[in-house]
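Working notes, beginning with the structure itself.
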Amino acid sequence: MQQRSRLKQLKSLEERLAEDAKRLREEAKLLPPGCVRELVLGKARQAEAGLQMTEWLTSPRLRPPNV
């Protein structure tokens with residue numbers, strides 16, 4: 001069985017998501033309007049949504065839903 005290579009992340013998930021979103025938005029500014037630009041903007045929105053979810057999940061005010 002192959003062993004997985006382990007990688008120690010130097011930056012937190014939040015930092016990586018924020019940097020990716022910023023980089024993708026800057027990249028989209030340089031692209032002409034069209035499909036490619038929309039795909040890049042979609043990836044930026046995904047990174048921003050992931051960042052919001054991690055912030056929400058790690059929030060001290062997060063409580064389980066009342067069921």
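Derivation of every value follows stated rules applied to the coordinates shown; laboratory data play no part. No experiment lies behind these values; they were computed from the predicted model shown. Backbone-built Cβ (ideal geometry, glycine too); neighbour counts: all protein chains shown.
Computed from Cα atoms, the angle from the helix 35-57 axis to the main principal axis of the chain rounds to 20 degrees. Normalised by the number of residues in the chain, the mean separation of alpha-carbon contacts (under 8 Å, six or more apart) gives a relative contact order of 34 percent. Checking every one of the trypsin sites (Lys or Arg not before Pro) in the chain against DSSP loop status and a limit of 12 other Cβ atoms within 10 Å picks out ARG4, ARG6, LYS8, LYS11, ARG61.
With a Förster radius of 22 Å applied to the C-beta separation of LEU62 and ALA18, the computed FRET efficiency comes to 0.65. Mean-square fluctuations from a GNM of the chain, with a 10 angstrom spring cutoff on Cα atoms, peak among GLY42, GLY50, GLY34 at GLY34.
Most exposed first by the Cβ proxy, i.e. fewest other Cβ within 10 Å, how do LEU10, LEU17 rank?
Ordered by Cβ neighbours within 10 Å, fewest first: LEU10, LEU17.
With 10 angstrom as the radius, rank SER59, SER5 by how many other C-beta atoms surround their C-beta, starting from the fewest. Present the calculation step by step, with values, prior to reporting the outcome.
Numbers: SER59 9, SER5 5.
Ranking SER59, SER5 by Cβ neighbours within 10 Å, fewest first, gives SER5, SER59.
Using only the Cα atoms of the chain, construct the convex hull and provide its projected area averaged over every direction, in square nanometres to one decimal. Before the final figure, lay out each step's value.
Details: hull surface 35.5 nm².
Answer in nm², one decimal: 8.9.
Between the helical axis of 13-30 and the longest alpha-carbon principal axis of the chain there is an angle of about 10 degrees.
With unit charges on the beta carbon (Lys/Arg positive, Asp/Glu negative), name the residue among LEU17, ALA47, PRO32 whose Cα is farthest towards the positive pole of the charge dipole of the stretch 13-57. Going by the Cα projections, it comes out as PRO32. Helix content alone sets the calculated 222 nm mean residue ellipticity of the chain: runs of n ≥ 4 DSSP H residues at -39500 (n - 2.57) each, divided across all residues, give -21000 deg cm²/dmol.
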